[in-house]
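Structure first, commentary second.
The values are calculated or read from the model by the stated rules, or taken from the named source; none is laboratory data. Because the structure is predicted, anything quoted here is derived from the model rather than measured. A quick note on method: Cβ atoms are made from the backbone with ideal geometry, for glycine too, and the neighbour counts reach across all protein chains shown.
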Amino acid sequence: MAGTMSEKRFKVDDHVSWNSEAGRVSGRIIRVHTKDTDYKGYTHHASEDEPQYEIRSDKTDHIAMHKGRALTKLR
């Protein structure tokens, strides 16, 4: 089986949190990217083994994109 077991996997609608410049932020995953994606002027590298997650912040509706290792699943 390809990929590393240490990479956390999430799915659409999972509630997650991550660290930002403003502190801990939480939100819901709205999309999972498994191919390189241009977002806010940057190419975010993603693959089946290392997806990027598009997340809508609970408080501000801001959209962020992170790899699974930056995320913690909430209940």
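Scanning segment 15-59 for residues that are among the basic types (Lys, Arg) and under 12 Å from residue 71 (Cβ atoms) yields 24, 28. For segment 35-65, a tally of residues being under 13 Å from residue 10 (Cβ atoms) and in contact with a Gly (Cβ under 6 Å, 6 or more places away or on another chain) returns 1. Only residues that are modelled with pLDDT under 95, within 10 Å of the chain's Cα centre (by Cα) and part of a loop (DSSP other than H, G, I, E, B) were counted across segment 40-71, and they come to 0.
Mind checking whether some residue in segment 16-30 is under 12 Å from residue 72 (Cα atoms), at pLDDT 95 or above and part of a loop (DSSP other than H, G, I, E, B)? Taking every residue of segment 16-30 in turn, none turns out to be under 12 Å from residue 72 (Cα atoms), at pLDDT 95 or above and part of a loop (DSSP other than H, G, I, E, B).
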